[in-house]
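The values are calculated or read from the model by the stated rules, or taken from the named source; none is laboratory data. Just so it is clear, the model here is predicted, and its values are computed rather than measured. Cβ placement follows ideal geometry from the backbone for every residue including glycine, while neighbour counts extend to all protein chains displayed.
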Amino acid sequence: MKLSVQIIIGLILGIIIGIVLNLFAADLFSVLDKYVFGPVGTIFLNLIKMLVVPIVFFSIALGAAGIGDPKKLGRIGGKTIGFFLITTTIAIVIGLALAYVIQPGAGGGFDTGQANFEAEEAPPVVDTLLNIIPTNPIDAMAKENMLQIIAFSIFVGFAVAMLGEKTKGVRRLLNEGNDILMYLVNIVMVLAPYGAFALIASAVGNFGLDALQAMGLYFGTVLLALLLHAMITYGTAISTLGKMNPIKFFKAFAPAMTVAFSTSSSSGTLPVSMKTAQENLNVPKQVSSFVQPLGATINMDGTAIMQGVATVFIAQVYAVDLSVTQLITVVLTAVLASIGTAGVPGVGLIMLAMVLKQVGLPVEAIGLVLGVDRLLDMTRTAVNISGDAACAVIVAQSEEKHGGAPQKTPDLDI
């Protein structure tokens, strides 16, 4: 049985059992929550927390090494990276705006059990920007200061790229370390159905139907943000910069989007998405081969949207008013984290843990969104690879004046 199906089954069973116990067997629920739901959920969350710092370091260092490769820098690289960073920023702003308009976590009746919880006071914006550069990278890792870890990782990756052959051993170490962490992520995600069951059963059992309603609002908010970003941001960019009809674009790229939806993996879909872009969108191979693999590493608009909505949702659940500084921190952290969000299922939750830590919200609250995250992961992966293809189309179009391969009208008989 596919992991996604297992997680959905765990989610449904957790909801049903949580509701039944909440309505008819509160005493039994207390015992089960203490000895079964709580421990299983805690173990799963601790496994996620365990991977946060190392996966950020290895992933972002590798991403920066790829970006900083002198052979790949230049005109096409600048356009590609600029497009990804701009669209990721737009994506998280859309997510934050919709979360404040819809307010999925407000009035949900959650009894968080942490009535005295208060978010850590955020430093001024200037201090936040100045403190991005760590004075002690090891201390930053020990204290889980994610912005400083990201900055240090980028410096390391850039140095590895610029030193070339001198650092081939370090690059190999980074690659092998990243492979180990991706393997561990896959192991942790095998436990996700049990974690989803335990966390959702605990949440619904404690909070009742109000929690279910709030999670439904969260789910709808993220889906709406993904749809608006794909249609408006990508659609406008494809039409104005790529000189292509957005409807034709999405129709031509639909085969790759379907695979992405079913696998929830940008990296796993990469061979299909490149083939589809080259054959159905007529993107030159040299452009596709550079833009789309880079996008699978650093372009995670869908994940950024989820992080923005989930952060505001969790803040509303805990009745915490995020300051302007904290919101800027969320945007900055999510945009930088997109560089290191690996294109495999489930890593978005690890990055969400990083964002929550950065603004002082409890990581345990991930349990409130875990149950529906797998369904959202499928959708946001389809959005992510669409952004990669849109960038490839736009870069190919812009390169025509520099003697690049002309872009033909795509053949839609697919």
Residue in segment 276-295 that is modelled with the highest pLDDT, counting only those that are β-branched (Val, Ile, Thr) and within 15 Å of GLN397 (Cα to Cα): VAL283
Residue list for segment 189-210, restricted to those being in a helix (DSSP H, G or I) and either surrounded by fewer than 21 Cβ atoms within 10 Å (Cβ to Cβ) or without any contact (Cβ under 8 Å) to a residue 60 or more places away in the chain (or both): VAL190, TYR194, ASN206, LEU209, ASP210
Matching residues, segment 218-229, being surrounded by fewer than 24 Cβ atoms within 10 Å (Cβ to Cβ), among the hydrophobic types (A, V, I, L, M, F, W, C) and touching a residue at least 24 places away in the same chain (Cβ under 8 Å): PHE219, LEU223, LEU224, LEU228
When residues of segment 135-170 are limited to those that are among the β-branched types (Val, Ile, Thr) and under 11 Å from ALA61 (Cα atoms), the one surrounded by the most Cβ atoms within 10 Å (Cβ to Cβ): ILE150
Search result, residues across segment 1-40 that are hydrophobic (A, V, I, L, M, F, W, C) and not in a helix (DSSP H, G or I): MET1, ALA25
Filtered residues of segment 338-383 (kept if at pLDDT below 75, more than 22 Å from VAL259 (Cα to Cα) and acidic (Asp, Glu)): none
Hits in segment 349-394 - residues which are hydroxyl-bearing (Ser, Thr, Tyr) and under 13 Å from the mean Cα position of the chain (by Cα): THR379, THR381
Any hit, segment 124-133, residues being at pLDDT below 75, surrounded by fewer than 17 Cβ atoms within 10 Å (Cβ to Cβ) and assigned to a loop (DSSP other than H, G, I, E, B): yes
Any hit, segment 244-254, residues being outside any helix (DSSP H, G or I) and at pLDDT 80 or above: yes
Segment 350-368, residues that are part of a helix (DSSP H, G or I) and either closer than 25 Å to GLY14 by Cα or hydroxyl-bearing (Ser, Thr, Tyr) (or both): ILE350, MET351, LEU352, ALA353, LEU356, VAL363, GLU364, ALA365, ILE366, GLY367, LEU368
Verdict on ILE94 being surrounded by 14 or more Cβ atoms within 10 Å (Cβ to Cβ), at pLDDT 85 or above and under 16 Å from the mean Cα position of the chain (by Cα): yes
Within segment 1-30, tally of residues that are exposed (fewer than 14 other Cβ atoms within 10 Å of the Cβ) and at pLDDT below 80: 3
Cross-chain or 6+ apart pairs with Cβ under 6 Å, segment 135-156 first and touching a residue at least 60 places away in the same chain (Cβ under 8 Å), then of a type in the set (Gly, Ala, Ser): ILE149/ALA140; SER153/ALA61; ILE154/ALA64; VAL156/ALA61
